[in-house]
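First comes the structure, then the notes that go with it.
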Amino acid sequence: MRVEKKTYNLPEGLSQFQTIARSFRSSRHPIISISENMERFSGTYSAALPGNLKFILTQDPGLINYVLRENHSNYQKSPLTSVRGRRLFGNGLLFSNGDYWLRQRRMVQPSFHHKKLQALYEIIVKTIEEFLHSVPEAGQVDVYPLMHQLAFNIVVRSLFDIELSVSQMSDLNSVFNELQKFYMSDINLPVRRLLYPITREDRVHYRKSAKLRSVIQGIIRERRSDPKEYNDLLHLLLNARYEDTGQPMNEDQIIDEALILLFAGHETTATTLSWLLYQVASQKIVQEKISVSVQQTNIFDSIKNVYLQAVINESMRLQPAAWITDRIALEDDSFGEVAFPKNTIIMPFFYGVHRNKDYWNNPNAFIPERFIDEQGKIKKHPSFFPFGAGPRMCIGNNFAIAEISMFLHAFFEQFRVLPTGQVPEMKALLTLRPDKVILGIEKLNQAY
């Protein structure tokens, strides 16, 4: 019996040799490299690696929506990112797949409903107020490590509602940074794995991961023996129940989800806040509008502040923390004229679609008003993916927006930021972080 060979129509792109030859530059400057290819291949292109690995990178919002939303059941996180991620950070929502992911998502999702999160607002505001007491009232400072520490403090206290010492918080933060750097270098330059038997670099980081799990395990066991009531995320995780069995998560599952919340929760917020402060530093009118708007709202209602939300959206458009993602096709699929086999890895390039002149007017300019409609409400945009899209959209998006809004409300009541001429370098790791953000900070009563 003759078997008919299937034909596919992958977009024009890079051959296996070209992909390998350019991999070193791409790993060092992925944003620049991918952007150049997007310009060359009109927004969607293919690439290949040994082992018959096929990639399609795209900044076409139609294809992105198709993969992440419309036909999401045919896609899951690819092994390239999920397998190593699970080894380091556990089998939580960010790296799990299939039926297990769906079951966990349904279990954890209710904990991040607006009403549930309101119980955390006092913890967030208290942490922000403590932080603002340590902000220099004048002078130039690198705000990125400050935002990183603040975001980490917020997520730790919101997750566990416990007081850790400055050294404990710093140690945990440092370990997370080291694990993220290893994770990204392992993905971007897999040839490094050939040296692991000699360098034992992988084992070193797996031990650090195991130590983190041990710390969280200790917190969970202490909490279970504590009769006191807590208003934190750990309380919600411990009391969540599966719909089908009525059973709670086991200890390892809670550790997995807690690790993901710690990892993703502080990194994305710190990155977003740092880029936002950098963007508005050179926008005096924007800062004045922010200052006026925050005077008209309560800090606990800052997520309803339309202008503040527009500023946050515009910052996430220009520097999205989640700058790229990946999905692997479970079966053959097609979109428009593109047809590809199963196991093709689709990589939505959010940074590119957010700056594409086909979808945005004056795309490189910082214009918050583009997100405000004629009725003065926040405008949705089909080419805007600050937290991804579809069923796997970031589960902590409401929490992130709440803490970012509250920080900006409190900060711009007291301070303004000034540009220094320093331009941050984009470090495209798991998030799009800056290398440093040197800004001038002035107390408002000193500034005017």
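The values are calculated or read from the model by the stated rules, or taken from the named source; none is laboratory data. Model, not experiment: these values are computed from the prediction. A quick note on method: Cβ atoms are made from the backbone with ideal geometry, for glycine too, and the neighbour counts reach across all protein chains shown.
Data table
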item	result
Residue ID - nearest to Pro110 (Cα to Cα), chosen from residues in the range 392-417 that are outside any loop (DSSP other than H, G, I, E, B) and out of contact with any Leu (no Cβ under 8 Å at 6 or more places or on another chain)	Asn397
Candidate set from the range 1-28 (those that are modelled with pLDDT of 80 or more and loosely packed, with under 15 Cβ neighbours inside 10 Å); member that is farthest from the chain's Cα centre (by Cα)	Thr7
Criterion: more than 25 Å from the chain's Cα centre (by Cα), part of a helix (DSSP H, G or I) and closer than 18 Å to Pro419 by Cα - qualifying residue of Ser291, Ser274, Ser315	Ser291
Residue list for the range 250-266, restricted to those being in contact with a helix residue (DSSP H, G or I) (Cβ under 7 Å, 6 or more places away or on another chain) and either more than 22 Å from Tyr144 (Cβ to Cβ) or not aliphatic (A, V, I, L, M) (or both)	Glu251, Ile254, Ile255, Glu257, Ala258, Leu259, Ile260, Phe263, Gly265, His266
Neighbours by Cβ (under 6 Å, 6+ apart or cross-chain): first from the range 356-378, more than 18 Å from Lys289 (Cα to Cα); second among the basic types (Lys, Arg)	Pro363/Arg355; Pro363/Lys357
Residues located in the range 417-433, provided they are in contact (Cβ under 8 Å) with a residue 40 or more places away in the chain, out of contact with any His (no Cβ under 9 Å at 6 or more places or on another chain) and surrounded by fewer than 22 Cβ atoms within 10 Å (Cβ to Cβ)	Leu418, Pro419, Thr420, Pro424, Leu429, Thr431
Tally of residues being surrounded by 21 or more Cβ atoms within 10 Å (Cβ to Cβ) and more than 20 Å from the chain's Cα centre (by Cα) across the range 318-332	1
Hits in the range 76-94 (condition: touching an Asp or Glu at 6+ places or on another chain (Cβ under 6 Å) and at pLDDT below 90)	Thr81, Arg84
Which listed residue is modelled with pLDDT of 95 or more, buried (at least 20 other Cβ atoms within 10 Å of the Cβ) and either in contact with a Pro (Cβ under 9 Å, 6 or more places away or on another chain) or in a helix (DSSP H, G or I) (or both), from Leu57, Leu120	Leu57
In the range 274-306, the residues that are of a type in the set (Phe, Trp, Tyr), surrounded by 21 or more Cβ atoms within 10 Å (Cβ to Cβ) and over 17 Å from Tyr351 (Cα atoms)	Tyr278
Residue check for Glu331: acidic (Asp, Glu), part of a loop (DSSP other than H, G, I, E, B) and either modelled with pLDDT of 95 or more or in contact with a Leu (Cβ under 6 Å, 6 or more places away or on another chain) (or both)	yes
Meets criteria (modelled with pLDDT of 90 or more and in a helix (DSSP H, G or I)) for Gln104	yes
Of residues in the range 75-97 being of a type in the set (A, V, I, L, M) and in a loop (DSSP other than H, G, I, E, B), the one farthest from Gly388 (Cα to Cα)	Leu93
Single condition Thr325 does not satisfy, out of (1) assigned to a loop (DSSP other than H, G, I, E, B); (2) in contact (Cβ under 8 Å) with a residue 24 or more places away in the chain; (3) among the polar types (S, T, N, Q); (4) more than 23 Å from Leu429 (Cβ to Cβ)	(4)
Residue within the range 83-96 that is more than 19 Å from the chain's Cα centre (by Cα), among the aromatic types (Phe, Trp, Tyr) and crowded, with 20+ Cβ neighbours inside 10 Å present	no
Cβ-Cβ under 6 Å pairs, at least 6 apart or on other chains, the range 35-56 side touching a residue at least 24 places away in the same chain (Cβ under 8 Å) and within 14 Å of Ile346 (Cα to Cα), far side of a type in the set (A, V, I, L, M) and not in a strand (DSSP E or B)	Ser46/Leu10; Ala47/Leu14
Candidates Arg241, Arg221, Arg203 - the one that is modelled with pLDDT of 90 or more and in a loop (DSSP other than H, G, I, E, B)	Arg241
In the range 127-182, residue modelled with the lowest pLDDT [restricted to those that are part of a helix (DSSP H, G or I) and among the acidic types (Asp, Glu)]	Asp171
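Residue by residue, here is whether (1) part of a loop (DSSP other than H, G, I, E, B); (2) not small (Gly, Ala, Ser) holds:
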{"site": "Lys357", "(1), (2)": "yes, yes"}
{"site": "Ala365", "(1), (2)": "yes, no"}
{"site": "Glu369", "(1), (2)": "no, yes"}
{"site": "Lys380", "(1), (2)": "yes, yes"}
